[in-house]
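The values are calculated or read from the model by the stated rules, or taken from the named source; none is laboratory data. As the structure is a computational prediction, the values presented were derived from the model and not from experiment. We place every Cβ from the backbone using ideal geometry, glycine too, and count neighbours over all the protein chains shown. These area figures cover heavy atoms from the full protein model, side chains too; ligands, DNA and RNA do not enter into them. Shrake-Rupley method; radii C 1.70, N 1.55, O 1.52, S 1.80 Å.
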Amino acid sequence: PATFETLIVETRGAVGLVTLDRPKQLNALNSVLIRELVGQLRAFDADPAIGAVVITGSQKAFAAGADIKEMAELGFVEAYIHDFLGEWDAVARTRKPLIAAVAGYALGGGCELAMMCDFILAADTAKFGQPEITLGIMPGAGGTQRLTRFVGKSKAMEMILTGRLMDAAEAERVGLVSRVVPAADLVEEAVKVAGKIAGLSRPIVMMAKESVNAAYETTLTEGARFERRLFHAMFSTDDQKEGMAAFIDKRSPDFRNR
Ligand code: CAA
């Protein structure tokens, strides 16, 4: 098994559980952490035993942002040549379902990382924000784009221009998170939801994820056409036949991921 400097990686049945583990730095996302996270997500994508993945942090912080100490002396040419933050995109390209389980601070890159996941389950202690402006920068890992799509222009502008944080109740009200749960139950609940997804047909789940994501990339007409093509393709799977037969027979389906 791989060993990590900045992560704890476990499996719970068919669920991969990644815990960001730089507690003293409030899980500040340095280059080692991102490299380890991206590598592990690729490994889970390739692992036939895994059906869904949960990313979580500590009770105090999901992640307090990109590592400011690592960034402080960065220059333009170095940032450009190495495409600083570009490798984070791999998180959003993960093909299996990815749930962010957020307790405490999800700030800057921490909020951006959570938004790269397919949905966010929040503890009642969660606090979301893009405080980069107070450091003399702006979000650089998708925050200006994803937060705007999640919560709309007015709220995204206010948060990004002022750095104001949003609590869990507000985040749920505006649709940034799917649900709020008590902090003590967060990881258990996220693993349970991921386990439910992992028990469904793998290819169908992956196509559903791909289709929802198309909504962010294209027009309604093109998106609906893309959806319908994938929907038609589902009728070539054994799992569609099994799912419908099980309903008609009043039994639980036995999906074989094919
Ligand atoms: N980078 C590096 N170190 C960080 C960090 C970060 N983003 N956030 C916290 N830390 C470190 C602190 O420096 C401190 O380390 P020391 O003990 O060595 O001083 C330790 O974590 C604990 O932090 P605090 O003492 O500040 O804890 P607190 O409870 O008083 O405050 C906090 C918590 C409000 C989250 C505060 O830590 C904070 O404001 N952090 C920075 C948040 C931020 O600005 N994030 C955006 C980063 S830029 C970015 O992410 C760019 C992008 O788009 C990708």
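Computed over the stretch 143-258, the convex hull of the alpha-carbon atoms projects to a mean area of 9.8 nm². The stretch 66-90 and the stretch 170-240 have their alpha-carbon centroids 31 Å apart.
Accessible surface of ASP45, taken over heavy atoms with a 1.4 Å probe and every protein chain present, rounds to 50 Å². Measuring with a 1.4 angstrom probe and ignoring ligands and nucleic acids, VAL102 comes out at about 0 Å² accessible.
What dipole magnitude, in Debye to the nearest 20, does the chain give about its Cα centre under +1 on Lys/Arg Cβ and -1 on Asp/Glu Cβ?
Working: 30 positive and 33 negative charges, 151 e Å.
Its charge dipole is roughly 720 debye.
Counting only aspartates and glutamates at least 8 places from LYS209 when in the same chain, those with an alpha carbon closer than 17 Å to its own are ASP45, ASP89, ASP118, GLU217, GLU222, GLU227, ASP239. Using a simple spin-label model with pseudo-atoms 7 Å out from Cα toward Cβ, ILE137 and LYS24 lie 2.2 nm apart.
Remark on LYS127: its backbone amide H falls under 5 Å from those of GLY104, TYR105, ALA106, a criterion applied only to residues 5 or more positions apart or on other chains, H modelled at 1.01 Å from N.
Mind checking the full-extension length gain between ARG149 and ALA214? Use 0.36 nm per residue of separation minus the Cα-Cα distance, one decimal, nm.
Details: separation 65, 0.36 × 65 = 23.40 nm, distance 1.31 nm.
Extra length from ARG149 to ALA214 when fully extended: 22.1 nm.
Taking the inverse of the mean reciprocal distance over all distinct Cα pairs, the Kirkwood hydrodynamic radius of the chain comes to 19.2 Å.
Here the extension length gained between ARG229 and GLU188 equals 11.2 nm, from 0.36 nm per residue of separation less the Cα-Cα distance.
Order LYS241, LYS155 by their accessible area, 1.4 angstrom probe, all chains in place, largest first. Don't jump to the answer; show the numbers that get you there.
Values: LYS241 115, LYS155 55 Å².
Reading off the accessible areas and sorting them downward yields LYS241, LYS155.
For the stretch 78-215, the solvent-accessible area with a 1.4 angstrom probe is 45 square angstrom per residue. Annotation: lysines with alpha-carbon distance below 18 angstrom to LYS192 (same-chain offsets under eight excluded): LYS96.
A Förster distance of 30 Å, applied to the separation of the beta-carbon atoms of THR221 and ARG93, puts the FRET efficiency at 0.75. For the stretch 51-93, applying the loop criterion from DSSP together with a ceiling of 13 other beta carbons within 10 Å to the trypsin sites (Lys or Arg not before Pro) yields LYS60, ARG93. In this structure, ILE8 and MET244 have a Cβ-Cβ separation that, at R0 = 35 Å, corresponds to a calculated FRET efficiency of about 0.30. Ligands, DNA and RNA left out, the accessible area of the chain computed with a 1.4 Å probe is 57% carbon and sulfur. The magnitude of the dipole of the stretch 116-219, with charges of +1 and -1 set on the Cβ of Lys/Arg and Asp/Glu and taken from the Cα centre, is near 220 debye.
Of the residues ALA168, ALA198, PHE255, the one whose Cα sits farthest towards the positive end of the charge dipole of the stretch 150-258 is PHE255 (charges of +1 on Lys and Arg Cβ, -1 on Asp and Glu Cβ, taken about the Cα centre).
Each 5 Å bin from zero up to the one holding the largest Cα-Cα distance in the stretch 22-147 carries the following percent of pairs: 2, 11, 21, 25, 21, 12, 6, 2, 0. Can you show me the helix-derived [θ] at 222 nm for the chain, built from DSSP H runs with n ≥ 4 at -39,500 (n - 2.57) apiece and divided by the number of residues, rounded to the nearest 500. After summing the helix terms and dividing by residue count, I get -13000 deg cm²/dmol. In summary, the lysines within cross-link reach of LYS155, defined as a Cα separation below 18 angstrom excluding same-chain residues under 8 places away, comprise LYS127. If you wrap the tightest convex hull around every Cα atom of the stretch 45-119 and split its volume per residue, you get 102 Å³. Ranked from largest to smallest solvent-accessible area, with a 1.4 Å probe on the protein heavy atoms, ILE8, ILE34, ILE197 come out as ILE8, ILE197, ILE34. Prolate is the label for the stretch 111-196, because a/c, from the alpha-carbon gyration tensor with a ≥ b ≥ c as root eigenvalues, is 1.5 or above and a/b exceeds b/c.
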